[in-house]
Structure formats: structure tokens, C-alpha cells
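What follows is one structure encoded as C-alpha cells, with my remarks underneath.
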């Protein structure tokens, strides 16, 4: 009996003192679901007593203790050379820190390139590596020979079934793959002061449609803007709020010329994002699949769910994993302005449907609370 008691104590002690090396190129305040995922997962694991160190390429090192940042910040964002440089730097930086104070696990965030470098690191320092894949994979790389990239990875966490199925086509064993979506900090939505939400509601004409995401091609903001042009024909006072920044910003602003009611809010604090979501009437994400990848389970959609909003979204990647057509939102085909506009008009015209879907989302999102997601992820380290 005493021996069993000691075993339990050792197990609990191991959980409380686990040292985790997190390697993630993009980190807040750079906007994106993966960025917030990396920060909040680290914060939640630290609350559980784990010792987390983060290696980043872009972002603010003051947001989390023990965060190290790669040099050579002049390299262009999203470039191949920057990505390769970051992974090479992270390999050596993690290896050197491990010599001083060994890690229990390496947690990578990315896909093929990160798996390659992280797998080599795992092999070198004899510590298991786990990778989270946040979005659909590059179709050009979905060839059986590319399973080699993941051969030294102990476990692959996929944020959606869609991503998991893609990995299986490579021949990666099913028992190496687990599906755990990203999470939402539900407490942050409960703490918003109503007067702040009302102030935003009073600032804009209604209905208020909102979308959040990095302004790049795969988020489909051009399709959303073109669909909104059809909305103002029916609802001249409608407002479209776009939160986020990115490489497509200037092109998108050009697309809005001559159209009233569209406001680009840029990158704003997450607290403010929550306020704007709670002030809106409908959330829209017009994502499109590209050869380079597809959506995983978008954090922006989950946060809109937590705000009690009805959702209009495309059928890109793992979005149908979150949104059930006609139940908690409306799904449209990708790149279809008419379908997006029709879905928005349907919700704007039907307050009862909006409220019903909003209530469903508030219920569905409870299982995505970050403490629950964190325990699931951390359990995979022990497996």
C-alpha cells in the first residue's frame, strides 16, 4: 500500500514540475489564432505549476516570463527565409537551454518545417517532441514520402478532424494523431462591463456585422466586402467592422472605395476585441482554401460563439467542426458572394433565429474553455 502511495505522489510531483519548451514563430501582439493559442496555453500550464519557456520569432517577450526571441528581426514576415532562420535558431537555443536545465517535453506549433527541425532536436537531446498543427496542410506536400518529416515526433495534435484526415493520407499511424481544438478564455467574456458594450453599439449604425482575422488571402475578406456591398442595398445603414491587420490591408481598403459603412479597426487589444464582438449582431468569416492550407478551428469563430453571436462562415477546413448549418450558424460555399450575402440577410431579418443560434453557441463553447483544453493537451505529454 505504501509503495502505491509513493507512486501516486511521484506522478503528482511530475505533473507539477514538468518543464516545457514551447517553440512558436508568431506570438502576440501579432494577431492570429495560433499566436493567442501559444500564449494562453502557456499561461494555463503555468497556473498548473508547469515551468514553461517559450522561443518565438515575432512578438512581445514581456507577455510571458522566460520568453526568448530570435535575432535578425529585419527579415520579412511570412517569408520562407525567416521561417527557416527561426527554426534553425530555435533548434540551437532550445538545445543550449536544455543543457542548463533539462526539459521534459518540446511542444512545437506549425507543420512540416517545424516537425522536421523539432524532430531532429528531439532526437538530439532525447526529449519527446509534440507538435500542434493549427490549420489545413499544404496540398502540394500531401505525399506519402513527406511522412518522414514527422517520424521523430511523438504525438501530433490536430485542431480539427479535417487536419487529422490529411495526416492519415500520408500514412502517419492513427495512434500518433489526436484531435484537440484551440480554446477560449470564457472568463474574459463574462467580465466585460455592459456600459462599454453599449458605448460601441451607440457608435455605429445597425445592424453591425463583424469579422476578425489576419488580413491575408485565405481569410477571404475580399469576398466578405463584396458580399457586404449587396447588404447595403437592402440595409443602407448596415455597418461592417473588420478587426485585424496583414499584407492584404491596402488592397482591401481599395476594394471598399465608394462603399459606406465599412470600418477597418486594425489590430486592437484582445479585451477590446471582446467588447466589439459583444456589441455586434452577426459574425462572419469568409475563409477560402488555398494550395498552401485551409482553416483549422478558427479562434475568431470560437470567440464569436463565446460572445453569443450567430455565425456566418464558409465550409473551409475545420469550420464545419464548429458550425452546424442551421443550428448555431449558417455555412456558405467558399468564394460565393451571393451565398454570404443571403446568409447575412437571413439572420438580420430574423431576430429570433439570431438569438436561438447565439444561445446555442454559448452552450456549445463551454467545452472549449481553456482550462479544459489545457488539461487535454498536458495529458498528451504524459502519454
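All of the numbers you see were taken from the coordinates with simple rules; none came from a lab. Owing to the predicted nature of the structure, the values given are computational and were not obtained by experimental measurement. Neighbour counts run over all protein chains shown; Cβ positions are idealised from the backbone, glycine included.
Structure above, values below:
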| read-out | value |
| --- | --- |
| Candidates 74, 223, 64, ranked by Gaussian network fluctuation over the chain, Cα under 10 Å, top entry | 74 |
| Shape call, the range 116-203: gyration tensor on alpha carbons, a/c limit 1.5 | prolate |
| Shape call, the range 230-370: gyration tensor on alpha carbons, a/c limit 1.5 | rounded |
| Inter-part distance where the range 286-304 and the range 55-81 are each reduced to a Cα centre, Å | 23 Å |
| Cα-based shape type of the range 164-293, given that a ≥ b ≥ c are square roots of the gyration tensor eigenvalues and the cut on a/c is 1.5 | oblate |
| Extension gain (nm, one decimal) between residue 379 and residue 61, 0.36 nm per residue minus Cα-Cα | 111.8 nm |
| Listed residues 171, 358, 213, most fluctuating in the chain (Gaussian network, C-alpha, under 10 Å) | 171 |
| For the range 309-379 and the range 183-239, distance of Cα centres in Å | 14 Å |
| Residue order, fewest to most beta carbons within 10 Å, for 182, 376, 289, 160 | 376, 289, 182, 160 |
| Full-extension gain in nm, residue 46 to residue 349, via 0.36 nm per residue minus C-alpha separation | 104.5 nm |
| Label-point separation, residue 356 to residue 194 (7 Å along Cα→Cβ), nm | 2.6 nm |
| Full-stretch length increase - residue 73, residue 175 - with 0.36 nm per residue and alpha-carbon distance subtracted | 32.9 nm |
| CD proxy at 222 nm, helix term only [per DSSP H run n ≥ 4: -39500 (n - 2.57); per residue of the chain; nearest 500] | -14000 deg cm²/dmol |
